[in-house]
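Remarks on the structure that follows.
The values are calculated or read from the model by the stated rules, or taken from the named source; none is laboratory data. Keep in mind that what you see is a predicted model, and the values were worked out from it rather than measured. Cβ: placed from backbone, ideal geometry, glycine included. Neighbour counts: every protein chain shown.
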């Protein structure tokens, strides 16, 4: 039978510390209450838990079940059970039983085992870092220290629900244009592979002198048919290259700077990060987490090198006796990074690179030297003009800030009035609303842009094919 350590208060308010043997925690609490004591803390004495605790449940292979959506639901349910007054171990076991096998269920098994062995909730969760991150664990620890775990859980659940809502909003806005563009690319690829070659054979049969637009269309069609596998390979290669370069500190900083200044999308990303980080910091401060620890956690959850650098420098300044607002204002400038300039030049000259590659491929075909020469000239011009303009645009944004003056001023007011958490919540609410407005505006803007893109592509194909047809009809009628 396991031995339980407990702390309780008697009728006079005197604190009692003792041990008691019982089959389960509920039985131990019942016995202690019958003794006339009010239980304040109870856990299994280390080294004796194995005597009365069931052996660990058999576990399978976990594929999912540990995502942010499931964890958000778990946090809300745990806060409700704690608010109802249930012991933490019983609450965890109730939730463990209702989840399907997965990372969260297995983590809850481990947490229950640790608590039965005498560990606190935060200590138990700290041993499952793949499910419970540093933010989660520190807030639980603050709740345990302040004796207000149910309040902290409610606050944590609200924070995670808001983050989930904002993420769903942004992802939902991206689904429509991505699907439409993918379908459009597939349709245009099908036209190039199956439709244009039929017209090409017709033009060759009638020995027509083709205009330059038609020659360019036929070249594109031939190369798409020959190298169709490059259509998915090139975007995948670029994606993997970006993922690889972000593994390095300077690569991550350069790419994150580049993303923050992409027209429209960069503003959306920036406001989203400001909303998320200020809400994270405000939640931690309101929960009683020390400011340096809170800034360290906020830095980890930023997900962007520029903001990570800013929060790191704010932490360093606070250690030297500064407030939060002053170093935030000083270190919120974008600055210059050579890799960021490279990314701007690369993507600015991307269209020229594609034309140049098309010229190289065309040059290998006999009798196409003139077309290849034209593509070389066009590609070189687009590379130079596009790359230089993109780098100049970046140069104009070097002194721009990633945190507006409004945010800095509200943080300053919050520090002066002692309501930093309240002001951070207000900043987060304001930027959440701006992200929603920008997302709706982006969706409204994407529709006409997609229509213009499709109209231009289809118009180019139709005109290129009909110009020789008109000439052919004129010859036949003559």
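Numbers for the structure displayed
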quantity	calculated
One residue from 392, 382 being touching a residue at least 12 places away in the same chain (Cβ under 8 Å) and not assigned by TED's automatic domain parsing to the domain that holds residue 427	382
Single match in 172, 190 (criterion: farther than 22 Å from residue 81 by Cα and under 19 Å from the mean Cα position of the chain (by Cα))	172
Helices (runs of 4 or more DSSP H) (entirely within the stretch 196-278) containing at least 1 residues that are assigned by TED's automatic domain parsing to the domain that holds residue 425 and closer than 30 Å to residue 162 by Cα	230-245, 249-260
Scope the stretch 134-164; condition in contact (Cβ under 8 Å) with a residue 60 or more places away in the chain and either more than 18 Å from residue 286 (Cα to Cα) or part of a loop (DSSP other than H, G, I, E, B) (or both); matching residues	164
Which numbered condition residue 118 misses (of (1) more than 26 Å from the chain's Cα centre (by Cα); (2) under 19 Å from residue 145 (Cα atoms); (3) in a helix (DSSP H, G or I))	(3)
Residue satisfying condition, being assigned by TED's automatic domain parsing to the domain that holds residue 213, within 30 Å of residue 277 (Cβ to Cβ) and surrounded by fewer than 13 Cβ atoms within 10 Å (Cβ to Cβ), within set 414, 418	418
For residue 435: the one exception among (1) free of Cβ contacts under 8 Å to residues at least 60 places away in the same chain; (2) under 29 Å from the mean Cα position of the chain (by Cα); (3) under 26 Å from residue 340 (Cα atoms)	(1)
Helices (runs of 4 or more DSSP H) within the stretch 285-340 that include 3 or more residues within 24 Å of the chain's Cα centre (by Cα)	291-302, 305-319
Some residue of the stretch 439-450 being under 24 Å from residue 158 (Cα atoms) and at pLDDT below 85	yes
Positions within the stretch 286-303 being surrounded by 22 or more Cβ atoms within 10 Å (Cβ to Cβ) and under 18 Å from residue 432 (Cβ atoms), in sequence order	298
Residue within the stretch 256-270 that is at pLDDT 90 or above and within 18 Å of residue 412 (Cα to Cα) present	no
Odd one out for residue 167 among (1) farther than 18 Å from residue 285 by Cβ; (2) surrounded by 15 or more Cβ atoms within 10 Å (Cβ to Cβ); (3) within 28 Å of the chain's Cα centre (by Cα)	(2)
Residue tally, condition without any contact (Cβ under 8 Å) to a residue 60 or more places away in the chain and farther than 17 Å from residue 105 by Cα, over the stretch 82-94	3
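Let's see how each residue does on (1) assigned by TED's automatic domain parsing to the domain that holds residue 88; (2) touching a strand residue (DSSP E or B) at 6+ places or on another chain (Cβ under 7 Å); (3) surrounded by 14 or more Cβ atoms within 10 Å (Cβ to Cβ); (4) assigned to a loop (DSSP other than H, G, I, E, B):
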site	(1), (2), (3), (4)
8	no, yes, yes, no
12	no, no, no, yes
17	no, yes, no, no
20	no, yes, yes, no
26	no, no, no, no
29	no, yes, yes, no
32	no, yes, yes, no
36	no, no, no, yes
41	no, yes, no, no
